[in-house]
Amino acid sequence: MITTTYQVQGMTCGHCVSAVSAEVGAIPGVSDVQVDLATGQVTVTSASPLDTDTVRAAVDEAGYDLR
Ligand SMILES: [Cu+2]
């Protein structure tokens, strides 16, 4: 398993956290998503390395920006 931490901008509440978790969690191979609202850090556990553009697209889909 691989764990990668991304920095996401624009999340302000629990709804944002669930939106990002749902979109990133839907990426094939992702088994866990942990979002720290205070820091904007999103920690993703996946079976293989993720393409940053794929994660960026998922975060964008949720309405936020990957820094
Ligand atoms: Cu929110």
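Side notes on the structure shown:
- Fully extending the segment from Gln9 to Thr54 would add 14.6 nm, taking 0.36 nm per residue of separation and subtracting the current Cα-Cα distance.
- Extension gain from Ala47 to Ile27, taking 0.36 nm per residue of separation minus the Cα-Cα distance: 6.1 nm
- The overall shape of the chain is prolate: from the C-alpha gyration tensor, with semi-axes ordered a ≥ b ≥ c, the ratio a/c is 1.5 or greater and a/b exceeds b/c.
Each value in this text was obtained by applying a stated rule to the coordinates, not by laboratory testing. On a predicted model such as this, the values are computed, not experimentally measured, just so you know.
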